[in-house]
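Read the structure below first, then the notes.
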Amino acid sequence: MGTEHVIRGIGVSPGIRIGRAMVYAPGAGTEAESEASGEVNSEAELALLQQARQQSEAQLLELAERTRETLGEEQAGILSGQAKFLADPAFYPPMEKKIREEGASAQAAVRAVVEHTAGRFEALNNAYMQERAADIRDLGQRLLTHLSGEGGGMRLSDIKDEVILVAHDLAPSDTVQLNKQYVLAFVTRAGGKTSHTALLARSLGIAAVVGAGEQTAAIADGDWLIVDGAEGVCIIRPEETTLAQYRQRQEVSEHEERELEAYRSRPAASQDGVAVEMAANIGTVQEAEAAAERQAEGIGLYRTEFLFMDAKRLPTEEEQAEAYCTVARQMAGKPVIIRTLDIGGDKALPYLQLPKEENPFLGYRAIRIGLDRKELLLTQLRAILRASSEGRLKIMFPMISGLAEWRQAKALYEQARTELEAEGVAIAAPAELEVGIMVEIPSAALQADRLAREVDFFSIGTNDLVQYTLAVDRMNEHVAYLYDYFHPAVLQLIHRVIEAAHHAGKWAGMCGGMAGDPLAAPLLLGLGLDEWSMDSGAIARIKQVLSQLDSTECRKLAEELLELDTPDEVRAALSQLMTTSNEQIQQQ
Ligand code: PEP
Ligand code: MG
């Protein structure tokens, strides 16, 4: 037995779990075999490949069906999506070609095409697309398992002891098989925040830390482990004192989880009855379903770029309108803010062939592309307007730096409206469709009073506002210590934006990460933020915190915080207040 050892990764599914490690190394036998060199009978290999494809497809569809019943449509879609990909012209036919024209064995053909396809996704400068590579490798592994005649490999669904699973990586189809009753948590060496595996872990309620790196090799089968899925921490072979500490934290966190359930259906309001609007951020049509289930009062940010990133070419006006209609219907009359395309920066769109830039976050991005390639923005605006008769849609432009850009964007919106009216298409009346902007560039925050006279609303994007105010690249881990929305300069800008909106009789929301941080809640309530938009998983917790706060006290607190010098001072003052409020919650 070694001594206690702490390793860190990315916490993707919260929860504190304590248990024994089960080290999972699938397919150990399938990797090296096959491909006996020499004679390859192409016809026989083609037949084997065809059979493996059919078996894989049947298995995936069955798994999707079971997942649909247990977890829901979105999760099932990950598996049926893989089944569909088997028929993709860029996937299966190249395998056949390799066998036919290059004399490859079925296994070699699968490996080569999977590597090539996954590699193409990984080469894209975008975390979301890069992690789709994991789905392709998962699919490849399934084909290989069938080709090797093992018919499914070790079944994770067979685990019947309480364990914490430790693996190099877990594919989505592995993850859906996990039974929460036995698999308390998992820790993986690879993986990222936006992977499907992370999404599934959250849906299943299994605590998870991914991307823990080489250090996972220090874990042996049967070792005691503590996993903190919120903090991204895994403690190997913990000392008694550490165990006791975490057992206590575990009790508190489980109690909190049960408490939170009750807040789902309650309206969002402070203790003294000041109501705010609690909305969700979404990136896909499916996420709207989760947002509706979690009682979001609307969608505060629909990141439409994922609709574009999931396609191989620009989605047409009709295709876009269909997606927007689906979200509008899903939210059944609640407001849905559709943000126009925010591509560039860390989000690439290969088919647009954007120029390679030294400083992409300061370059050709978001509304700048939309105003340069007007057809693109016009098509999207027409699509949103077409969907506007299906629900309460609002339009939001990203990365507006000042009045000139806003006016150009607004003019395009007017043009789209005029065109559709002339074509006789039914669209929402101008007064029913609000058009606003994201405030995520300091220049827009500084001109908020002028902008407020013309826009219908503001939504503060702290993710970018922080990086542009503090000159800290949001993707750069070396300067991550400087990235802080509690910096007094950022607070001054947020204050200014909310004040400007209210002065002009408009509303101000926030859809950056700060809105979902419980620590920020007293400050944002005190500053008078009207609409809060966040990951739908955070809504219940923020509602709970709000219900403990008094708006008059928070207003005073916010005034005091605005006078402080450093982010640490702001955090310390808020932490003190939160400790008192948590004690109150526990006493109830
Ligand atoms: C933001 O910048 O705060 C925001 C919500 O937009 P994104 O994270 O998509 O840039
Ligand atoms: Mg942004």
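Somewhere in the range 519-534, is a residue surrounded by 16 or more Cβ atoms within 10 Å (Cβ to Cβ), modelled with pLDDT of 95 or more, of a type in the set (Asp, Glu) and outside any strand (DSSP E or B)?
The answer is yes; a qualifying residue exists.
Taking the range 343-374, which residues are farther than 17 Å from LYS312 by Cα and assigned to a loop (DSSP other than H, G, I, E, B)?
Within the range 343-374, GLY345, ASP346, PRO355, LYS356, GLU357, GLU358, ASN359, GLY363, TYR364, ARG365, ALA366, ARG373 qualify.
Scan the range 320-337 and tell me whether some residue there is assigned to a strand (DSSP E or B), under 26 Å from GLY512 (Cβ atoms) and away from ligand 2 (no atom under 15 Å from the Cβ). Before you say what the answer is, go through the steps one by one.
Start the filter on the range 320-337 by keeping residues that are assigned to a strand (DSSP E or B), which leaves 335-337.
Adding the requirement that they be under 26 Å from GLY512 (Cβ atoms) leaves 335-337.
Subset that is away from ligand 2 (no atom under 15 Å from the Cβ): 335-336.
Yes.
Condition first: on the phi < 0 side of the Ramachandran plot, away from ligand 2 (no atom under 13 Å from the Cβ) and modelled with pLDDT of 95 or more. Can you find one or more residues in the range 470-482 that meet it?
yes
For the range 331-365, give me each residue that is within 30 Å of GLU293 (Cβ to Cβ), crowded, with 20+ Cβ neighbours inside 10 Å and either aliphatic (A, V, I, L, M) or within 11 Å of ligand 1 (Cβ to nearest atom) (or both).
MET331, VAL336, ILE337, ILE338, ARG339, LEU341, ASP342, ILE343, LYS347
Got a sec? Which of GLN492, GLN467 is within 16 Å of ligand 2 (Cβ to nearest atom) and in contact with a helix residue (DSSP H, G or I) (Cβ under 9 Å, 6 or more places away or on another chain)?
So the residue among GLN492, GLN467 that is within 16 Å of ligand 2 (Cβ to nearest atom) and in contact with a helix residue (DSSP H, G or I) (Cβ under 9 Å, 6 or more places away or on another chain) is GLN467.
Among the listed residues ALA409, ALA452, ALA431, ALA444, identify the single one that is within 16 Å of ligand 2 (Cβ to nearest atom), under 21 Å from ASP530 (Cα atoms) and more than 24 Å from the chain's Cα centre (by Cα). Full working, then the answer.
Values: ALA409 fails: under 21 Å from ASP530 (Cα atoms); ALA452 fails: within 16 Å of ligand 2 (Cβ to nearest atom); ALA431 fails: within 16 Å of ligand 2 (Cβ to nearest atom).
Just a single option satisfies the conditions, and that option is ALA444.
Kindly indicate whether ALA515 is in the same structural domain as GLU434 (by TED's automatic domain parsing) and away from ligand 2 (no atom under 14 Å from the Cβ).
No, not satisfied.
Criterion first (closer than 30 Å to ILE539 by Cα and touching a residue at least 24 places away in the same chain (Cβ under 8 Å)) does ARG258 satisfy it?
Here the answer is no, as ARG258 does not meet what is asked.
Scan the range 447-457 and give yes if some residue there is over 25 Å from LEU385 (Cα atoms), within 13 Å of ligand 1 (Cβ to nearest atom) and among the basic types (Lys, Arg), otherwise no.
no
Given the conditions (1) within 12 Å of ligand 1 (Cβ to nearest atom); (2) over 27 Å from LEU561 (Cα atoms); (3) more than 23 Å from the chain's Cα centre (by Cα), which single one is not true for PRO398?
So PRO398 meets the others, but not (3).
Can ASN463 be described as within 14 Å of ligand 1 (Cβ to nearest atom), assigned by TED's automatic domain parsing to the domain that holds ALA404 and either within 22 Å of the chain's Cα centre (by Cα) or aliphatic (A, V, I, L, M) (or both)? It would help to see each step written out before you state the result.
Numbers: within 14 Å of ligand 1 (Cβ to nearest atom): yes; assigned by TED's automatic domain parsing to the domain that holds ALA404: yes; either within 22 Å of the chain's Cα centre (by Cα) or aliphatic (A, V, I, L, M) (or both): yes.
Yes.
Restricting attention to the range 412-452, and to residues there that are assigned to a helix (DSSP H, G or I) and among the charged types (D, E, K, R), which single residue is surrounded by the most Cβ atoms within 10 Å (Cβ to Cβ)?
Filtering first and then ranking leaves ARG417.
For VAL497, which of the numbered conditions (1) assigned to a helix (DSSP H, G or I); (2) more than 16 Å from ligand 2 (Cβ to nearest atom) fails to hold?
Of the numbered conditions (1) assigned to a helix (DSSP H, G or I); (2) more than 16 Å from ligand 2 (Cβ to nearest atom), the odd one out for VAL497 is (2).
Anything in the range 502-520 that is among the aliphatic types (A, V, I, L, M) and in contact with an Asp or Glu (Cβ under 8 Å, 6 or more places away or on another chain)? List them, or say none.
Passing the criteria: ALA504, ALA508, MET510.
The values are calculated or read from the model by the stated rules, or taken from the named source; none is laboratory data. Quantities reported herein were computed from a predicted structural model and do not represent experimental measurements. Methodologically, a virtual Cβ is constructed for each residue, glycine included, from the backbone with ideal geometry; neighbour enumeration extends over all protein chains shown.
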